[in-house]
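Worksheet: the structure to be examined is printed underneath.
The values are calculated or read from the model by the stated rules, or taken from the named source; none is laboratory data. Note that the coordinates shown come from a computational prediction; the quantities given were computed from them, not determined experimentally. When we count neighbours, we look across all protein chains shown, and the Cβ atoms used for this are built from the backbone with ideal geometry, even at glycine.
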Amino acid sequence: MTFLSTKERDCSMTDYIIITGQITGKARPRLNGNTGKVYTPRETKRYEDLIAWCYKTQRGEFFYDLPVKVTILAEYAIPKGTPKAKREAMLAQSILPTKKPDIDNIEKIVLDALNGIAYKDDKQVVKTDCIKKYAAESRLLVKVERV
């Protein structure tokens, strides 16, 4: 995991929490056939923990009972071997990623991960914006702000 460089921090991204690496969406709950109990898959739980840790360590603010807006930028790495013209179109957002995870699953994992970390309960979230785009590396940028 890497954090923003000093140059990147000086840009408009200063309010965003950065989670680098492969983007993971919220997986469906699983049922244990032996016990009959429902559980969250391990990969989902780990990614939620990573989001929460990044939020805490990157000076994320806690909004106790206030209404909040959550903005999510899901940046996908451009596949290796992509022709230069297509790469430039991807970076210019002329070509957008239409691949997994689904945008609603990205929102779900972020909102669930920040429960008790950025806000008391995700019922406080009154607006969300989520955008998928291509970038130099895969990462998730998350911003929580008071409405």
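Some values worked out for this structure:
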| item | result |
| --- | --- |
| Filter result for the condition that a residue is surrounded by 14 or more Cβ atoms within 10 Å (Cβ to Cβ), touching an Asp or Glu at 6+ places or on another chain (Cβ under 9 Å) and under 26 Å from PRO29 (Cβ atoms), over TYR134, TYR119 | TYR119 |
| Selection status of THR82, surrounded by 12 or more Cβ atoms within 10 Å (Cβ to Cβ) and farther than 27 Å from ALA27 by Cα | yes |
| Some residue of the range 120-135 being in contact (Cβ under 8 Å) with a residue 60 or more places away in the chain and part of a helix (DSSP H, G or I) | yes |
| Residues (in a loop (DSSP other than H, G, I, E, B) and surrounded by 20 or more Cβ atoms within 10 Å (Cβ to Cβ)) located in the range 49-60 | none |
| Selected residue [among the charged types (D, E, K, R), at pLDDT 90 or above and in a loop (DSSP other than H, G, I, E, B)] from ARG28, ARG46 | ARG28 |
| Residue that is more than 15 Å from THR20 (Cα to Cα), aliphatic (A, V, I, L, M) and at pLDDT 95 or above, where the choices are VAL70, VAL142 | VAL70 |
| Given (1) touching a residue at least 12 places away in the same chain (Cβ under 8 Å); (2) surrounded by 12 or more Cβ atoms within 10 Å (Cβ to Cβ), number of the condition ALA89 does not satisfy | (1) |
